[in-house]
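The values are calculated or read from the model by the stated rules, or taken from the named source; none is laboratory data. Owing to the predicted nature of the structure, the values given are computational and were not obtained by experimental measurement. Methodologically, a virtual Cβ is constructed for each residue, glycine included, from the backbone with ideal geometry; neighbour enumeration extends over all protein chains shown.
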Amino acid sequence: MSSVPLRLVLPKRCPSRQVTALLSCRHRVVFAATAALAAVATCSAAERKYGPGVTDTEIKIGQTMPYSGPLSAYGAIGRAQLAYFAKLNADGGINGRKVRLISLDDGYNYAKTVEAVRRLVEQDGVLLLFGLVGKSTNLAIRRYANVNHVPHLFIASGASDWADAVHFPWTMGWAPTYTLKARLYATHILNNLPHARIGLLYANDDYAHEYVRGFKEALGTNATAMIIAEQTVEQTDAALDAQIHALRALGVDTLVSAMEGKRTSQALRKMAEIGWHATHYVAVASTVTKVILERAGVANTVGLISAHYAKDIDFAKYREDPDVRAYDAWAKSYYAGDPYDGLASYGYQAAQALEYVLRRCGEDLTRENVMRVATTMKDVELPLMLPGVRVSTSPTDYHPIKQLRMLRFDGDSWEVMRDVSAVGP
């Protein structure tokens, strides 16, 4: 399998033309202007390079989404991205081209993902694949995308599988990996709570297991002494009472949890009910939305610690932020779902990154150039990112977002903590 030549291609300069005909001044000006326009047109036409799915008026891209099935809530990501490109197209598109996103339901079934991706590439002829959700679904089509040299970009999964530039140079993730988040929490505990008695509470799934591995690796030789208890959560568990009681009974004073928002809400309610006030690190701030916190009881959530790269747009703190106001205006006109559930804003931000890449491609809208641009982003500031967070990649670094800011919930919003931010794969 050949690798992608990942060097930035700069546009050629159009040749200048000197008109020296012995004409009248007026005729010289007219002739020179006509010649210049002809040169520009000829140069522009010559420099246009189109890959599959691209015409003078359209850029066709594709994805699959779990609009049905066990992860149907994550379909909000795809719906937000469809709405994002609808507004973009209404505003004129990208360099005069409308972006047509073909978004197919795979029900979070990797066999259906494979079938749908083949259709997108072989029948619909898309330029690239964008924002597919989940680990198993993306693993199922990763080799196919790379063998066929189809950009497989900004995957909606925090697994660490999407940054192998050597073996899978056409595949790239988006959000910080679970491992990065776990390492940040471990570092924060070592620096601030060196005598912590840590308990781990996590879902029995791939995401949480990768998170726990990263956390233990970051603690290093301290892991055995500091982690005194672990409890897992099964999908069939109606409540978390047994796990919470067990962790408290073993003397845990610092709880690190890695599970989805509903489970976090259950844990917070139970901890408050039994009067257990352990320091609590939650794995993903974006899943602990305002609704989740309210369900847990806001008084029970004060002091929660987490980390994220984006502003939490659901809180009053950011209501007058210009980027949040633009997001609200977009949602009001184009998005029919709940714009504040965390998933919609996630999809919106990933779509902004893809817009950036496609704009930078200019008139070279080939698959090769898409990858060149995607792998040469440098300190890109995107709306809705927290201060200091930038998007950067290189031909050997396929982690677009490597920065996270530590956050503490104060009862009203997530406040950025001054002592820690992290950079690393």
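Inside region 299-317, residues that are surrounded by 14 or more Cβ atoms within 10 Å (Cβ to Cβ) and either in contact (Cβ under 8 Å) with a residue 60 or more places away in the chain or farther than 24 Å from ALA272 by Cβ (or both) make up a count of 13.
Restricting attention to region 313-335, the residues that are touching a Leu at 6+ places or on another chain (Cβ under 8 Å) and at pLDDT below 90 total 1.
When the residues of region 360-386 are filtered to those that are among the basic types (Lys, Arg) and not in a loop (DSSP other than H, G, I, E, B), the one that is surrounded by the fewest Cβ atoms within 10 Å (Cβ to Cβ) is ARG360.
The listed residues are ARG263, ARG295, and the only one of them that is touching a Leu at 6+ places or on another chain (Cβ under 8 Å) and either assigned by TED's automatic domain parsing to the domain that holds ARG183 or at pLDDT below 85 (or both) turns out to be ARG263.
Residues in region 154-171 that are over 10 Å from the mean Cα position of the chain (by Cα) and not in a loop (DSSP other than H, G, I, E, B): SER160, ASP161, TRP162, THR171. Residues in region 331-359 that are more than 20 Å from TYR74 (Cβ to Cβ) and either over 19 Å from the mean Cα position of the chain (by Cα) or surrounded by 21 or more Cβ atoms within 10 Å (Cβ to Cβ) (or both): LYS332, SER333, VAL357, LEU358. Out of curiosity, is GLY125 part of a strand (DSSP E or B), modelled with pLDDT of 95 or more and over 19 Å from the mean Cα position of the chain (by Cα)? The answer is no for GLY125.
In region 136-145, the count of residues that are free of Cβ contacts under 8 Å to residues at least 40 places away in the same chain, closer than 15 Å to PRO66 by Cβ, in contact with a strand residue (DSSP E or B) (Cβ under 7 Å, 6 or more places away or on another chain) and part of a helix (DSSP H, G or I) is one or more.
To keep it simple, each residue is scored yes or no on (1) within 14 Å of TYR356 (Cβ to Cβ); (2) among the charged types (D, E, K, R); (3) out of contact with any helix residue (DSSP H, G or I) (no Cβ under 8 Å at 6 or more places or on another chain).
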site: ARG372; (1), (2), (3): yes, yes, yes
site: VAL380; (1), (2), (3): yes, no, no
site: MET385; (1), (2), (3): yes, no, no
site: VAL389; (1), (2), (3): no, no, yes
site: SER394; (1), (2), (3): no, no, yes
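Among the residues of region 233-257, what is the count of those that are surrounded by fewer than 16 Cβ atoms within 10 Å (Cβ to Cβ), more than 19 Å from TYR207 (Cα to Cα) and among the hydroxyl-bearing types (Ser, Thr, Tyr)? Residues in region 233-257 being surrounded by fewer than 16 Cβ atoms within 10 Å (Cβ to Cβ), more than 19 Å from TYR207 (Cα to Cα) and among the hydroxyl-bearing types (Ser, Thr, Tyr): 0 in total.
Name the residue that is surrounded by the fewest Cβ atoms within 10 Å (Cβ to Cβ), counting only residues in region 191-227 that are aromatic (Phe, Trp, Tyr) and at pLDDT 95 or above. My answer is TYR202.
Taken together, GLU320, GLU260, GLU230 contain a single residue that is surrounded by fewer than 14 Cβ atoms within 10 Å (Cβ to Cβ) and among the acidic types (Asp, Glu), which is GLU320.
Just so you know, in region 117-156 the residues that are among the small types (Gly, Ala, Ser) and surrounded by 21 or more Cβ atoms within 10 Å (Cβ to Cβ) include one that is nearest to ARG367 (Cα to Cα), and it is ALA145.
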